[in-house]
Structures are given as C-alpha cells and as structure tokens.
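Trainee: My structure is below; once you've seen it, I'll send some questions.
The values are calculated or read from the model by the stated rules, or taken from the named source; none is laboratory data. Remember, it's a predicted structure, so these values are computed and weren't measured experimentally. Don't worry about glycine lacking a Cβ; one is built from the backbone with ideal geometry, like all the others, and counts go over all protein chains shown. Areas reflect the complete protein model, heavy atoms only, side chains present, ligands, DNA and RNA absent. Shrake-Rupley method; radii C 1.70, N 1.55, O 1.52, S 1.80 Å.
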Amino acid sequence: HSIQRTHPNGFNISIELPSVYRISLIRVINRQDCCQERIIGFSVYIVNKIGSEVNCGSFTEAKSEYEFRREGVGDKVEIRKEVDVEMVNLGEVEIYGVLAAQCDNLDPTWNKVIPEPALPALHGI
C-alpha cells in the first residue's frame, strides 16, 4: 500500500477494526522493493473509542519487517508521524488479538490489561 501526499501537519494511517480487541501484536511489513526508509519516524498506536491510546513504539531504522508487542485495548490502530510527510509506503499491517468481550481482565477506560492476581504458593509439596 503506497500513499503519496504532502501534508504539513503530519500524517495518519488509520486502520479501523470491526470491534474492540485486546491487541497483543502488531506486525508491519515494509515495502520490499525500495523506499524502506520512508517509514522512519512514524509511530504505532492502539486507540479506543474514548480517545485513550497506547504508544506501541516507533520505526527507528529501515528494515523489511517490524513487530510491536505491546498490549492494549482498542478498535483502531494508527500509524502516524507528527511532522511533514511527503510519501509513505507500507506493504502490509497485521494485527493480532482477541475480542475484548471475551476477556475478563480488561480496563477499557484506560486501554490496558489488568494484571491477573498471583496464585498463592503451594507449601509442603
């Protein structure tokens, strides 16, 4: 997927999901034939309906594939850069997670996973 635009206030690629998900991995496949450096400076976010977001990380070097392993709850993934952008090239974005409705330990207002309580230690075994 290639997007070519001059945008003086930054640029945002928004991927709307069909429902709210507990996202655990975002994999971005960069363009393979050329122009891999164009993604440098962009960041990846998980966003929910109330505007809360998790910054999953940034593209700091040119390479063919990136993995962002940061848990968050949302219905949208955004790849954005806050400064002038002339051209953006992406090969593919893969988003891995489960439906939030199937998870018991979510705090959707803060876009995070509530840690599971630790199990008590077993003694005498």
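Trainee: Only residues in region 33-51 that are over 13 Å from V88 (Cβ atoms) and touching a residue at least 40 places away in the same chain (Cβ under 8 Å) count as the first member; pair them with residues that are assigned to a loop (DSSP other than H, G, I, E, B) and open to solvent by less than 30 Å² (accessible area, probe 1.4 Å), Cβ under 6 angstrom, at least 6 apart or cross-chain, and list the lot.
Mentor: From residues that are over 13 Å from V88 (Cβ atoms) and touching a residue at least 40 places away in the same chain (Cβ under 8 Å), the pairs are N48/N111.
Trainee: Working only within region 95-118, note down all residues that are open to solvent by 40 Å² or more (accessible area, probe 1.4 Å) and at pLDDT 60 or above.
Mentor: Start the filter on region 95-118 by keeping residues that are open to solvent by 40 Å² or more (accessible area, probe 1.4 Å), which leaves 95-99, 101-102, 104, 108-110, 112, 114-118.
Result: I95, Y96, G97, V98, L99, A101, Q102, D104.
Trainee: In the list S24, S43, which residue meets the criterion of being open to solvent by less than 40 Å² (accessible area, probe 1.4 Å) and modelled with pLDDT of 90 or more?
Mentor: Working: S24 fails: open to solvent by less than 40 Å² (accessible area, probe 1.4 Å).
Only one candidate passes the filter, namely S43.
Trainee: Something else about it: If I ask for residues that are modelled with pLDDT of 90 or more, β-branched (V, I, T) and open to solvent by 50 Å² or more (accessible area, probe 1.4 Å), which ones from region 54-92 would you list?
Mentor: T60
Trainee: Only residues that are among the charged types (D, E, K, R) and closer than 20 Å to C35 by Cα: list them for region 68-91, please. Steps first, answer last, please.
Mentor: First, pick out the residues of region 68-91 that are among the charged types (D, E, K, R): 69-71, 75-76, 78, 80-82, 84, 86.
The answer is R80, K81, E82, D84, E86.
Trainee: Do the conditions hold for G51, that is, is it of a type in the set (G, A, S), touching a strand residue (DSSP E or B) at 6+ places or on another chain (Cβ under 8 Å) and open to solvent by less than 60 Å² (accessible area, probe 1.4 Å)?
Mentor: Considered against the rule, which asks whether it is of a type in the set (G, A, S), touching a strand residue (DSSP E or B) at 6+ places or on another chain (Cβ under 8 Å) and open to solvent by less than 60 Å² (accessible area, probe 1.4 Å), G51 comes out as no.
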